[in-house]
Amino acid sequence: QVQLVESGGGLVQAGGSLRLSCAASGRTFGSYAMGWYRQAPGREREFVAAVGASGGATYYMDPVKGRFTISRDNAKNTMYLQMNTLKPADTAIYYCTMLKTAGWGNFTPFGSWGQGTQVTVSS
C-alpha cells in the first residue's frame, strides 16, 4: 500500500509563496493520478488540484487557477504544489492522495491519507 507524507507548509503573509511536497512510498506511485485536497477549520475537505499519472495533464479548482501549479516527479516518487499569490482563504491543512478518474475532471480519492501539512496565510 502506498504511504504518503506531506511537507512544506508554514506561515506566510498574503501574496507570498509556498511549495508543498508529497513523498510516496511504493512502486505504484507512477501508475495513478494524484491530487491535493485541503481542509479549513470548520469546513469539509475540498479538492484543490490533480495531476495525471505521467504528469502531463493537470486540473485545478477555480479559486486557485493561475496561482497554484501541480507537478510530479515519478523518478523521485514525489508530487508538488507550488502556491503563489497566497490569500488568507488558502489557509488550511493540505493533504495529498491518489485518485481514481472517471473522465478527466471527475476524481475520487482512494487509499490512505497522509497527516497533512498546515498552511497559514496572514493578512
Report summary line: With +1 at each Lys and Arg Cβ and -1 at each Asp and Glu Cβ, the charge dipole magnitude of the stretch 42-123 around its Cα centre, to the nearest 20 debye, comes out at 60 debye
Requested in this report: For the stretch 43-123, report the accessible area per residue in Å² (1.4 Å probe, heavy atoms, rounded to an integer).
Outcome: 49 Å²
Requested in this report: Give, to the nearest whole percent, the P(r) tail of the chain beyond 22 angstrom, counting all Cα pairs.
Outcome: 27 percent
Report summary line: Given backbone amide H placed at 1.01 Å from N, residues whose amide H is under 5 Å from that of Tyr59, ignoring those fewer than 5 places away on the same chain, are Ala50
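Run the accessible area of the chain with a 1.4 Å probe and give the carbon-and-sulfur part as a rounded percent.
The value for the chain is 48 percent carbon and sulfur by accessible area.
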Query raised in the report: Excluding same-chain residues fewer than 8 positions from Lys100, which aspartates and glutamates have a Cα within less than 18 Å of its Cα?
Result: Glu46
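The values are calculated or read from the model by the stated rules, or taken from the named source; none is laboratory data. Keep in mind that this is a model prediction, so the values were computed, not measured. Cβ atoms come from the backbone with ideal geometry, glycine included; neighbour counts cover every protein chain shown. Note: areas computed on protein heavy atoms with side chains; ligands, DNA, RNA excluded. Shrake-Rupley method; radii C 1.70, N 1.55, O 1.52, S 1.80 Å.
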